[in-house]
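Take a look at the structure set out below.
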Amino acid sequence: MPRPLQLVIAARVVRRLRRSRSDAAGQASAPRGPSHLPALSLAATLAATGALHLAKPGPYDRLIPKALGRPRPWTIGSGVAELVCAASLVHPATRRVGSLATAGLVVTVFPGNITAALRARRSRIRSGAERPGTREIVAWARLPFQLPLLAWALAAGRSAGKRR
């Protein structure tokens, strides 16, 4: 039975052989660095939702807990925060800070998502409806996506590269 060190060495040899074959076939292997795709796709998503917060704030106002007072300043503020996070994710020099800011934003808005789900449920109960409507289903369905969104934000920072 091979030992773990032998497996590691064998894997490295196989990788080198594959690389040398592709080089010999005229297919120069490109240097591999971190992928910028998670950061840029998250930046596009944040830019779109940030712009929506500013262009059509009404639906987002309903997410703000009543304890915070008037919802509109919070909606506009969160839209601006999303745009700032999006901009900071685009350039590798600011990506690490941008990914942490985005992760913080995701954690910060989570109570608003819970508030929206609970309000939709209360509204359905008060109306006497037996089955949840679209608004309630969407509100509850949004909650489990917060964890992957947080992971996405943190993954985006990994493509910032090493500081030298």
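The values are calculated or read from the model by the stated rules, or taken from the named source; none is laboratory data. Everything quoted here is computed from the prediction, not taken from an experiment. Cβ coordinates were reconstructed from backbone atoms using ideal geometry, including for glycine residues, and neighbour counts include every protein chain displayed.
Exactly one condition in (1) closer than 15 Å to Thr45 by Cβ; (2) in contact with a helix residue (DSSP H, G or I) (Cβ under 9 Å, 6 or more places away or on another chain) is not met by Arg119; state its number.
If we test Arg119 against (1) closer than 15 Å to Thr45 by Cβ; (2) in contact with a helix residue (DSSP H, G or I) (Cβ under 9 Å, 6 or more places away or on another chain), just (1) comes out false.
Given the criteria under 18 Å from the mean Cα position of the chain (by Cα), in the same structural domain as Val84 (by TED's automatic domain parsing) and of a type outside the set (Asp, Glu), does Ala129 qualify?
Working: under 18 Å from the mean Cα position of the chain (by Cα): no; in the same structural domain as Val84 (by TED's automatic domain parsing): yes; of a type outside the set (Asp, Glu): yes.
No.
Restricting the search to region 34-51, which residues are closer than 13 Å to His91 by Cα and under 10 Å from the mean Cα position of the chain (by Cα)?
Result: Pro38, Ala39, Ser41, Leu42, Ala43.
Which of the helices (runs of 4 or more DSSP H) contained wholly in region 68-164 include at least 2 residues that are at pLDDT 90 or above, surrounded by 14 or more Cβ atoms within 10 Å (Cβ to Cβ) and basic (Lys, Arg)?
On the way: elements: 71-90, 92-127, 134-142, 146-157.
Helices (runs of 4 or more DSSP H) meeting the threshold: 92-127.
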